[in-house]
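All of the numbers you see were taken from the coordinates with simple rules; none came from a lab. Remember, it's a predicted structure, so these values are computed and weren't measured experimentally. Cβ coordinates were reconstructed from backbone atoms using ideal geometry, including for glycine residues, and neighbour counts include every protein chain displayed.
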Amino acid sequence: MTEFSRRTIFLLCAAFCYMVAVLTFLFSTTFAGDGFGSKFSNENEEFPKVLLMHSGRLVEGEISYTPGGYTVKKTNGTMFVPGKQVKHTAGNRTDIYRKLRKDFPNATANQRLSLARWCITNLLYSYAEKELYNVLKKEPGHVEARKMLVRLKNITHPQNNFPKKEIKVTAALFVHDVRSLAGLSRKNATLFTRKIQPLLVNKCSNAGCHGKLSQNNFKLISIRSGRGNHRIFAEQNLANIFKQIDLKEPRNSPLLTKTRGGHGRKGRTIFQGRTGKRQHDLLSQWIFSVAHEQEGSWVAPASSKRKVSTESFNTERRNKQNKTKKTEQKKLLNRILEESKKDEFDPNEFNRQLKPR
């Protein structure tokens, strides 16, 4: 091979390497400028499931990143979405809404209306309602927001467009469902209703030590079958039993310590023999389970010396604030719906007004 041939081959190789380097640089800067790499790393490490287009349209499916955009696999095929058309990516629609909300930290009324309209289109009704409330709270007379709120309620409550008279809650309306018994889990509430309460009423109330007419603080009400208000009595019994439970140290609960030895008028042991041991073990297991379940959320009575933790206090305060806010929103909605009902066009009334007198 001549010297000229070697130089030619060397120059060709150098030119090829240079072209590869230039193309690599151009591709990397182009994709970085589109923000694909940063988008993917910033929005969780998992692949997104929803793409929000700049037009506001959502694209959902099995999404993967490809050079220049995203590949979306759907049941009816695969599509390619250019990266420049994508505004946000997320795991679900709710996260898309949250990202849109962050785009407008000081949103105007019109921006909130646009966001509410987008939420309605994408079936995020609760968030649409939230945005409309925020508009009406500052501008109660905002016509478009009021109309949109009425339309939204027609969608979510088609059979209940206008507020009805509130039903007074009485004891007769209580549904006998153990799931809501004092906030206990279904398991512990069922166990209390079927076994713990009958056991304690039989051992403590019917024996006369802790009946309704007893002079001590721990009283249990005997519940007879057929009485319609047994749910209320069960709640009262549970409240009194809770006062005898140490949620932080369940093993030191008076309900356990005072039932181990002699007790009552004659000083006899309440739980005797093998059956009594099984009953006491059942009571102990229930107390430990309830204490574990209620720890940190149970607020002691005012007369109790237990200190409520700061975390529990803050949680309770937040719950009260949310409840107050929801009440205000409900009042505002009812008022708007009532006004909307009054503003409905009545052709007969219109003709009467035009008729010469």
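Points worth noting:
- 5 angstrom amide H check on His88, placed H, neighbours 5+ away: Leu52
- Under Karplus coefficients 6.51, -1.76 and 1.60, residue-wise ³J(HN,Hα) of the stretch 69-83 in Hz, glycine/proline x: x, 10, 9, 10, 9, 10, 5, 9, x, 10, 9, 10, 10, x, x
- Remark: the Lys137-Thr327 segment gains 67.1 nm on full extension, using 0.36 nm per residue and subtracting the alpha carbon distance.
- Under Karplus coefficients 6.51, -1.76 and 1.60, residue-wise ³J(HN,Hα) of the stretch 104-116 in Hz, glycine/proline x: 10, x, 10, 5, 7, 4, 5, 5, 5, 5, 4, 5, 5
- Cα Rg over Rh - the stretch 104-156, Kirkwood: 0.93
- Of Lys203/Lys258; Lys219/Lys243; Lys130/Lys153; Lys187/Lys258; Lys137/Lys331, those spanning more than 18 Å from alpha-carbon to alpha-carbon: Lys187/Lys258
- Averaged over residues, the count of other Cβ atoms within 10 Å places the peptides 52-59, 95-102 in the sequence 95-102, 52-59, highest first.
- Nitroxide proxy distance, nm - points 7 Å out along Cα→Cβ at Thr121 and Glu235: 4.6
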